[in-house]
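Working notes, structure below.
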Amino acid sequence: MKAVHFGAGNIGRGFIGLLLNQSGYDVTFVDINDTVIEALEAKRHYEVGFAEDGVERIVVDRVRGVNSLKEPARVVDLIAEADLVTTAVGPSLLSKVAPLISEGLRAREVEDAPIYVIACENMIGGSAILRQEVEACGGVGEANVFFPNAAVDRIVPLQQHEDPLYVEVETFHEWVIETQGLNEKLPINGVTWVEKIGPYIERKLFTVNTGHAIASYIGSLFGKATIDEALKDRRVRQVVQGALYETGWLLLEKYGFEAKEHSQYIQKIIKRFENPKLKDEVSRVARSPIRKLGPSDRLVKPARELMDNGIEPNELAYGIAAALHYYNPEDSESSELNLSIEEHGISSTIEKYLQLHEGDTLTQLILDQYHLIREEEKERVS
Ligand SMILES: NC(=O)C1=CN([C@@H]2O[C@H](COP(=O)(O)OP(=O)(O)OC[C@H]3O[C@@H](n4cnc5c(N)ncnc54)[C@H](O)[C@@H]3O)[C@@H](O)[C@H]2O)C=CC1
Ligand SMILES: O=P(O)(O)OC[C@H]1O[C@](O)(CO)[C@@H](O)[C@@H]1O
């Protein structure tokens with residue numbers, strides 16, 4: 001079996017590549033990072049280590065690498081012959097990988113075996129959105145292709161090792177794929193197959209990712225460098241926990257998850273955040289605040305839906321305000337957000353990026369928290 005994976009980064013090597021290799025796939029990574037691609041081509045294997053005592057490294061072999069900027073035709077040929085295409089490049093880069101995926105799919109014949117294209121990104125409906133991008137740049141031709149939506153969960157922090165391929169990950173992992181519309185399940189070890197992904201992607205996004213984002217933005221407010229350090233601060237922990245019980249209420253209401261089980265799910269996630277061996281930097285988890293503050297993402301969507309249910313999401317509002325206050329000059333989205341607040345004010349910034357309107361109760365909750373943060377900051381500095 002052959003798989004082509006776009007994005008030989010942290011989750012690509014540390015999760016998707018590893019699982020596909022363990023399921024018997026030969027994996028070719030497609031990336032634009034020459035260092036990683038050259039190392040993959042030279043070594044044809046890499047190692048995955050675990051942020052937990054006593055867990056041995058795993059060697060991932062039968063891997064290749066292609067730089068899509070240098071050898072696009074090779075990528076097309078590989079997709080024409082593959083059983084599976086996966087991506088982990090980041091939600092905003094799906095449009096960049098779509099043209100080659102389209103070309104590769106169009107190179108397939110109508111009688112070829114089915115091929116599956118799965119976006120493994122932190123977003124709702126990732127594969128469906130990738131399909132739209134593919135349709136917008138040439139389509140799929142006669143290929144017998146499925147784009148099942150998926151949710152992926154494993155914390156893989158930034159990697160700083162001498163070996164550019166080595167990646168260290170937490171032991172926990174979850175990969176959920178939707179079966180709706182498929183005629184068969186792919187042979188991938190450790191995948192949870194569900195008829196409809198909606199409840200699972202929202203449970204993951206509004207718990208793991210909401211909690212993580214809030215830990216990073218409130219953590220940054222209190223000068224914390226890593227997520228485990230942030231969680232040691234009682235104030236950060238209280239907001240994270242409070243926000244997760246707010247989104248938990250919504251998830252129970254929408255999807256009927258069992259309350260006790262969901263509470264255990266929340267506690268397990270907070271424990272994962274606390275893993276000191278991960279040394280997960282606040283700046284990684286807080287990255288791309290404009291995306292994270294988007295109307296359909298992990299902070300604003302659950303907050304809006306709670307308001308629709310008559311519940312004021314105070315902890316989420318505090319997290320959102322901290323995200324608006326967050327500033328990292330090395331993060332282009334953070335700089336853009338900051339500039340927008342400076343030039344146009346906080347209310348128009350909320351309107352533009354969060355798509356929340358002035359005068360709405362949720363906007364007011366966020367504004368109140370934002371001004372409080374600013375006041376406290378002024379007091380700290382003076
Ligand atoms: N790191 C994590 O723990 C998790 C990440 N994710 C999701 O996985 C995605 C990737 O995240 P990470 O692996 O952390 O990021 P990363 O930055 O480590 O990896 C992304 C890779 O994509 C490559 N890339 C960029 N443009 C490309 C292009 N046009 N063609 C091919 N490759 C390209 C980059 O060079 C990089 O190697 C994101 O959507 C993220 O939300 C999901 C679950 C866990
Ligand atoms: O990858 P994103 O969407 O920028 O956000 C970082 C998030 O992704 C993860 O790396 C994995 O789910 C989480 O650790 C974190 O919540």
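For Glu168, state whether it is among the charged types (D, E, K, R), outside the structural domain of Ala323 (by TED's automatic domain parsing) and in contact with a Pro (Cβ under 9 Å, 6 or more places away or on another chain). Reasoning before the result, please.
On the way: among the charged types (D, E, K, R): yes; outside the structural domain of Ala323 (by TED's automatic domain parsing): yes; in contact with a Pro (Cβ under 9 Å, 6 or more places away or on another chain): yes.
Considered against the rule, which asks whether it is among the charged types (D, E, K, R), outside the structural domain of Ala323 (by TED's automatic domain parsing) and in contact with a Pro (Cβ under 9 Å, 6 or more places away or on another chain), Glu168 comes out as yes.
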Checklist entry - Based on what the data block shows, is Val282 of a type outside the set (Phe, Trp, Tyr), closer than 19 Å to Glu202 by Cβ and either open to solvent by less than 20 Å² (accessible area, probe 1.4 Å) or touching a Leu at 6+ places or on another chain (Cβ under 7 Å) (or both)? => result no
Checklist entry - If you go through segment 65-82 one residue at a time, how many are open to solvent by 10 Å² or more (accessible area, probe 1.4 Å) and part of a loop (DSSP other than H, G, I, E, B)? => result 4
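Checking the conditions here, which among Val97, Val85, Val156 is within 16 Å of ligand 2 (Cβ to nearest atom), of a type in the set (A, V, I, L, M, F, W, C) and in contact with a strand residue (DSSP E or B) (Cβ under 7 Å, 6 or more places away or on another chain)? Before you say what the answer is, go through the steps one by one.
On the way: Val97 fails: within 16 Å of ligand 2 (Cβ to nearest atom); Val85 fails: within 16 Å of ligand 2 (Cβ to nearest atom).
Just a single option satisfies the conditions, and that option is Val156.
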Next on the checklist: Anything in segment 148-166 that is within 23 Å of Ser102 (Cβ to Cβ) and more than 16 Å from ligand 1 (Cβ to nearest atom)? List them, or say none.
Outcome noted: Pro148
Item to check | Total residues in segment 131-150, condition open to solvent by less than 50 Å² (accessible area, probe 1.4 Å), not in a strand (DSSP E or B) and not small (Gly, Ala, Ser) | outcome: 6
Checklist entry - From the residues in segment 340-366 that are under 17 Å from Lys292 (Cα atoms) and part of a loop (DSSP other than H, G, I, E, B), which one is least open to solvent (accessible area, probe 1.4 Å)? => result Leu356
Checklist entry - For segment 83-121, how many residues are open to solvent by 50 Å² or more (accessible area, probe 1.4 Å), within 13 Å of ligand 1 (Cβ to nearest atom) and part of a loop (DSSP other than H, G, I, E, B)? => result 0
Checklist outcome for this item: Over segment 25-64, the set of residues within 16 Å of ligand 2 (Cβ to nearest atom), open to solvent by less than 10 Å² (accessible area, probe 1.4 Å) and part of a strand (DSSP E or B) is Val48
Checklist entry - From Ile311, Ile373, which residue is aliphatic (A, V, I, L, M), within 29 Å of Phe273 (Cα to Cα) and open to solvent by less than 20 Å² (accessible area, probe 1.4 Å)? => result Ile373
Checklist entry - If you go through segment 160-180 one residue at a time, how many are surrounded by fewer than 16 Cβ atoms within 10 Å (Cβ to Cβ), of a type in the set (D, E, K, R) and touching a strand residue (DSSP E or B) at 6+ places or on another chain (Cβ under 6 Å)? => result 1
Next on the checklist: I'd like to know if segment 183-201 contains one or more residues that are assigned to a helix (DSSP H, G or I) and hydrophobic (A, V, I, L, M, F, W, C).
Outcome noted: yes
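Restricting to helices (runs of 4 or more DSSP H) lying wholly in segment 209-274: which have 2 or more residues that are open to solvent by less than 40 Å² (accessible area, probe 1.4 Å) and among the aromatic types (Phe, Trp, Tyr)?
Numbers: elements: 210-221, 227-232, 234-255, 259-273.
Qualifying helices (runs of 4 or more DSSP H): 259-273.
The values are calculated or read from the model by the stated rules, or taken from the named source; none is laboratory data. Since we're looking at a predicted model, the values are computed, not measured. Reconstructed Cβ throughout: ideal geometry from the backbone, glycine too, with neighbour counts over all protein chains shown. Calculation scope for accessible area: heavy atoms of the full protein, side chains included, ligands and nucleic acids excluded. Shrake-Rupley method; radii C 1.70, N 1.55, O 1.52, S 1.80 Å.
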